[in-house]
């Protein structure tokens with residue numbers, strides 16, 4: 001939602017991470033490394049990269065700040081993904097960090113869903129979504145559009 005270069009780099013990082021997860025069967029750490037390498041290469045001359053050093057250096061074992069600040073969000077999400085082994089646990093860990101839980105859990109849930117797959121989402125969570133049948137129908141329509149290309 002912000003035009004600042006730091007936010008843009010974080011968004012590109014998210015997309016690179018998601019693309020890697022979609023295309024390769026690797027560990028979370030390997031996917032993160034791929035995204036880091038792409039960001040470093042593409043933004044090699046940017047001073048903004050200093051804000052991503054903890055991610056680049058795989059240094060997310062402590063001092064996780066679960067705030068809405070884009071770097072904190074990205075670090076929290078990566079931490080949750082790297083320290084759990086399924087969709088449910090990663091999202092619950094994101095929520096239990098406290099702070100900006102809706103943002104952290106939404107970003108974590110998106111990536112975790114890509115990594116572990118739709119079937120890994122607890123059915124009782126899906127059943128809580130209003131108009132779930134309409135949502136699933138839209139998803140199927142979108143898949144049909146993608147398959148045409």
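The values are calculated or read from the model by the stated rules, or taken from the named source; none is laboratory data. All of these numbers come straight from a predicted model, not from anything done at the bench. Reconstructed Cβ throughout: ideal geometry from the backbone, glycine too, with neighbour counts over all protein chains shown.
Computed quantities for the displayed model
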{"quantity": "From the options 38, 65, 88, 93, residue that is farther than 18 Å from residue 27 by Cα, in the same structural domain as residue 10 (by TED's automatic domain parsing) and in a helix (DSSP H, G or I)", "calculated": "93"}
{"quantity": "Residue tally, condition under 23 Å from residue 19 (Cβ atoms) and surrounded by 19 or more Cβ atoms within 10 Å (Cβ to Cβ), over the range 85-106", "calculated": "7"}
{"quantity": "Residue match in the range 42-62 (condition: surrounded by fewer than 16 Cβ atoms within 10 Å (Cβ to Cβ), farther than 25 Å from residue 9 by Cβ, without any contact (Cβ under 8 Å) to a residue 24 or more places away in the chain and in the same structural domain as residue 27 (by TED's automatic domain parsing))", "calculated": "no"}
{"quantity": "Residues satisfying the stated conditions in the range 98-149, i.e. under 24 Å from residue 25 (Cα atoms), in a loop (DSSP other than H, G, I, E, B) and at pLDDT 90 or above", "calculated": "117, 121, 122"}
